[in-house]
Amino acid sequence: MDVFYRAGETQQGIFTYCPRMISIGSRGSLGSLSTSGTLYGNIPSADSMAIATWTGNAARSVAEPYKKNLFLQSLSEEDHDDSGIPASDSKEGDSSHRRERDKDRIECLENGVNSWTDYSKVQYHPKTLYELKGSWADVNKFDDYGIGRDVIAEGSHAEEMNERLRFFIEECDHIQGIQFIVDDSGGFSSVAVEYLENIADEYANTPVLLYNVRDPVSHALPINQRGLITRALHDAVSFSKLASFSKLMVPVGLPSLRSNLSPLLHVKDEKLFYSSAIYAAAIHSISVPFRLEPLRPSTNSTYASGALEIGEIVHLLAGQARQNPVTILDLAMPAPSFTEENNRGAILKYLNPLTPEIGEDDEDPYAVESVTVHGALHSGCNRALISQVKNSICAEYEGRSIKLKFLHLSMFLCPLPIPLPFPSIFTSRVGRHGELLEHEFEGGEPKGSLDVESVPIAARLRSSKAILPFIETRYMNLHKYGLARGSRGDELLRDWGFGREEVEDMGENMSRMLLALDPLSEEASSDSD
């Protein structure tokens, strides 16, 4: 998967670029990540880092190099193995020996992932990674909008980041759009705003699809009143500013995945390795239609259907009459099979939201949805045909009392592969190809890539009034702590560099969103003022 998201802590920020996606806030272990774009590159010598203009005494502080875990060590061994002996003819090729070795590698990941660099198998382009050097010593202190704004204002960070993006865009023959992932729970939010503003200036006609992603740990409440006010204002300011520089925003990140997802998943909220895998799977699935070659209208494919470009999905979800730029992401993983007993839209019933703070949308006649299904099973391990998936889902939507304004379906026979570094999050009822076994073994260990090769998956983006609570919370907090007379957050906003007029503009921006989704919300907000 070419989706990058943080899974741990570090002391600096890493920006990740790839041909289709930009990630900001992916926190990696800099001891294991070279700014030249490869893992575990050469560590600069002390002489190379000396300050030539200093003639006085110097004190040296040396930290132990970050040690590669067993998984990354095995990757290095594979890269340097030039013996030419086929795996099947060597001891390493023995299946039982390889399985034991893989078990050890998985165990080290389950118990020792501190950052996303611990399980990354990607060979990066030299310009893919940009190190945001800062002065903070603990990433947990890099936790509000103002801190990130101060860091990005120093030196030439903004211009250097823009040059990296310019390089990749100039390599493109055709730009569909930009997919952008940001951890918006702290200072990386303001860094992303600065970056997105430049994109809006230089590439005004290029649509930006923004995923603002948070892990369960970031939802922990502050311990004092000042912390609560800071968090509330950060969320409000971050949301308003990010939304103003993106065409479509997809908030992702539940307070708990353990209690809100499928019972077929065994998730530990405290492990960012787990939440990263689930969010990456969802974003990967949603973006599959962008990577397909579009078919001519008269062409039927037995392998795929429903290719879209980024601009088309943005127009579909945010460009309708209601002009709603904030979309909900739902996921079913693994998706159920289309058996004779439940072949009328069962997949839709298993979709669970990954977007927090949402309401119900059962009676929204203006809702617009885009559903992606790949690798669906008909029965057992047999793949469902594209036509079977389409007919089943359409039957479910047609059976609703209130119809959607518009629905787009993307379907693919290929399932979601489960690579070796994927965490063991499947219960014992999930079979090797994602099929549901008849019985779940009591006390059975969670399954990972050794026992599950692939799973069917369904993901959905929906534009509906169910997003109202998410926007309303941020709108009301901005008014309560930033705009109301004598508000306690007024000084904090000034410290972050916002004057009264700019804060009022943020409030008006969110007010327009609410009005577009629910005309009565404007009257309600006026009454509250």
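Before moving on, here are some points about what is shown:
- Within segment 259-291, the residues that satisfy the criterion of being farther than 27 Å from residue 310 by Cβ and either open to solvent by 30 Å² or more (accessible area, probe 1.4 Å) or in a helix (DSSP H, G or I) (or both) are 259, 260, 263, 266, 268, 270, 271, 272, 273, 274.
- Verdict on residue 472 being open to solvent by 60 Å² or more (accessible area, probe 1.4 Å), at pLDDT 95 or above and either within 26 Å of residue 291 (Cα to Cα) or not in a loop (DSSP other than H, G, I, E, B) (or both): yes
- Within segment 377-413, tally of residues that are among the hydroxyl-bearing types (Ser, Thr, Tyr) and assigned to a loop (DSSP other than H, G, I, E, B): 1
- Conditions (1) at pLDDT 90 or above; (2) polar (S, T, N, Q); (3) in contact with a helix residue (DSSP H, G or I) (Cβ under 6 Å, 6 or more places away or on another chain): number failed by residue 487: (1)
- Residue in segment 202-234 that is modelled with the highest pLDDT, counting only those that are touching a Ser or Thr at 6+ places or on another chain (Cβ under 9 Å), crowded, with 21+ Cβ neighbours inside 10 Å and assigned to a helix (DSSP H, G or I): 234
- Of 356, 365, all but one fail to be surrounded by fewer than 23 Cβ atoms within 10 Å (Cβ to Cβ), modelled with pLDDT under 90 and either part of a loop (DSSP other than H, G, I, E, B) or not assigned by the TED database to the domain that holds residue 336 (or both); the exception is 365.
- When the test is whether a residue is over 30 Å from residue 75 (Cα atoms) and surrounded by 18 or more Cβ atoms within 10 Å (Cβ to Cβ), residue 410 passes it.
The values are calculated or read from the model by the stated rules, or taken from the named source; none is laboratory data. Keep in mind the model is a prediction, meaning the values are calculated, not measured. Here the Cβ is made from the backbone with ideal geometry for all residues, glycine too, and neighbour counts use every protein chain on show. Areas reflect the complete protein model, heavy atoms only, side chains present, ligands, DNA and RNA absent. Shrake-Rupley method; radii C 1.70, N 1.55, O 1.52, S 1.80 Å.
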